[in-house]
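S.K.: The structure under discussion is supplied below as structure tokens; questions concerning it will follow.
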Ligand code: GDP
């Protein structure tokens, strides 16, 4: 049994590192699975791959539905491919995002990019995750890097928690906004703006151009009042105007991303961020392992139900019950 698993693991690693898409997709599917045999294969594969690849660039692209994320990723991704880079996209599937999603749920997203040999697009599962980012996205990043992708774009929809999670997996966090004058300034969740490295005001074209420029100016001004982070290079975070349709501002976007990464590498921040991210991953996994332990043990589940009953009746405090259950888990 173990032999077959080991064989499968080695075979997958070989095929993934040769850049075989089907093997990559299969490994991501195993990683996302809740079946123990699948997870064991995924863990086997991941354990043997390099998770310290500092040559790759991991970028989050976030923003409300309709702001132009998939149009941006398609244009930006094609630009990067033209520079000779391999681009992987871990994308939100708009039809499965409950928070509004895209009204164009049935349209083919990133049609041109998906035809490129140097591109790989993988829709995120939304099960157990908000806006498409979850614990397994981290594993998909490592798998894509092993398959030879230089740039990993992670798309999320602006629903708070998924942004925080995405920011804990990427080197650069990009927030896409629409041209809306200053009115929206209050509306955009401050938390998201605070974790952004680049704010891209999209749709800076045609009649929207002036209003996009105003939005850029107002956000630039607002950013001056934000607390500087240790990881901020001088003059970052920055606000740029772009048009994903006219493909303007995309080169500048890449230039800014590269500048920021160079600064962070020279200052040691790049490695510090990735180290911290690994610890965050570890901490999330601890919680995940404990939850799995509870779910997979009838004895512990029974004890949990008993304690829940007692809590409802006011016979025990939640904190005491939690301690009792924790003792049961480590026993
Ligand atoms: P998403 O939901 O954030 O992925 O947004 P989409 O990429 O699906 O774009 C939503 C709408 O905005 C579509 O009708 C796009 O054609 C339009 N759009 C996207 N980028 C631009 C742009 O740069 N300029 C203009 N004028 N429209 C854009």
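The values are calculated or read from the model by the stated rules, or taken from the named source; none is laboratory data. Note that the coordinates shown come from a computational prediction; the quantities given were computed from them, not determined experimentally. So basically every Cβ, Gly included, is an ideal-geometry build from the backbone, and we count neighbours across all protein chains shown.
S.K.: I'd like to know if region 61-81 contains one or more residues that are more than 16 Å from the ligand (Cβ to nearest atom) and in a helix (DSSP H, G or I).
M.R.: Scanning region 61-81, I find at least one residue that is more than 16 Å from the ligand (Cβ to nearest atom) and in a helix (DSSP H, G or I), so the answer is yes.
S.K.: A further question follows. Residue by residue through region 195-220, note down the ones that are part of a helix (DSSP H, G or I) and within 11 Å of the ligand (Cβ to nearest atom).
M.R.: Scanning region 195-220 gives 206, 207, 208, 209, 212.
S.K.: Is it the case, given these coordinates, that residue 143 is modelled with pLDDT of 90 or more, away from the ligand (no atom under 16 Å from the Cβ), buried (at least 21 other Cβ atoms within 10 Å of the Cβ) and more than 13 Å from the chain's Cα centre (by Cα)?
M.R.: Yes; evaluated as a whole, the condition is true for this residue.
S.K.: So, one more: Please state which of the following conditions residue 247 fails to meet, knowing it meets all the rest: (1) crowded, with 18+ Cβ neighbours inside 10 Å; (2) touching a helix residue (DSSP H, G or I) at 6+ places or on another chain (Cβ under 6 Å).
M.R.: (1)
S.K.: Another question, then. Looking only at region 96-106, decide whether some residue is at pLDDT 95 or above, out of contact with any helix residue (DSSP H, G or I) (no Cβ under 7 Å at 6 or more places or on another chain) and farther than 28 Å from residue 42 by Cβ.
M.R.: no
S.K.: Related question: What's the number of the condition residue 226 fails, among (1) over 21 Å from the mean Cα position of the chain (by Cα); (2) more than 12 Å from the ligand (Cβ to nearest atom); (3) buried (at least 21 other Cβ atoms within 10 Å of the Cβ)?
M.R.: (3)
S.K.: Within region 219-235, can you find the residues that are within 23 Å of residue 203 (Cβ to Cβ) and touching a residue at least 12 places away in the same chain (Cβ under 8 Å)?
M.R.: Answer for region 219-235, where residues must be within 23 Å of residue 203 (Cβ to Cβ) and touching a residue at least 12 places away in the same chain (Cβ under 8 Å): 219, 220, 222, 223.
S.K.: Filtering region 146-166 down to residues that are more than 23 Å from residue 24 (Cβ to Cβ) and surrounded by fewer than 24 Cβ atoms within 10 Å (Cβ to Cβ), which residue is modelled with the highest pLDDT?
M.R.: Looking at residues that are more than 23 Å from residue 24 (Cβ to Cβ) and surrounded by fewer than 24 Cβ atoms within 10 Å (Cβ to Cβ), I get 164.
S.K.: Go through region 273-289 and give me each residue that's loosely packed, with under 15 Cβ neighbours inside 10 Å and touching a helix residue (DSSP H, G or I) at 6+ places or on another chain (Cβ under 8 Å).
M.R.: If the condition is that a residue be loosely packed, with under 15 Cβ neighbours inside 10 Å and touching a helix residue (DSSP H, G or I) at 6+ places or on another chain (Cβ under 8 Å), then 285, 288 are the ones that fit.
S.K.: Assess whether residue 56 counts as being more than 16 Å from the ligand (Cβ to nearest atom), under 17 Å from residue 152 (Cα atoms), in contact (Cβ under 8 Å) with a residue 12 or more places away in the chain and touching a strand residue (DSSP E or B) at 6+ places or on another chain (Cβ under 9 Å).
M.R.: yes
S.K.: Can you pull out the residues in region 221-253 that are touching a strand residue (DSSP E or B) at 6+ places or on another chain (Cβ under 9 Å), at pLDDT 90 or above and not in a loop (DSSP other than H, G, I, E, B)?
M.R.: 238, 239, 240, 241, 248, 250, 252, 253, listed by residue number.
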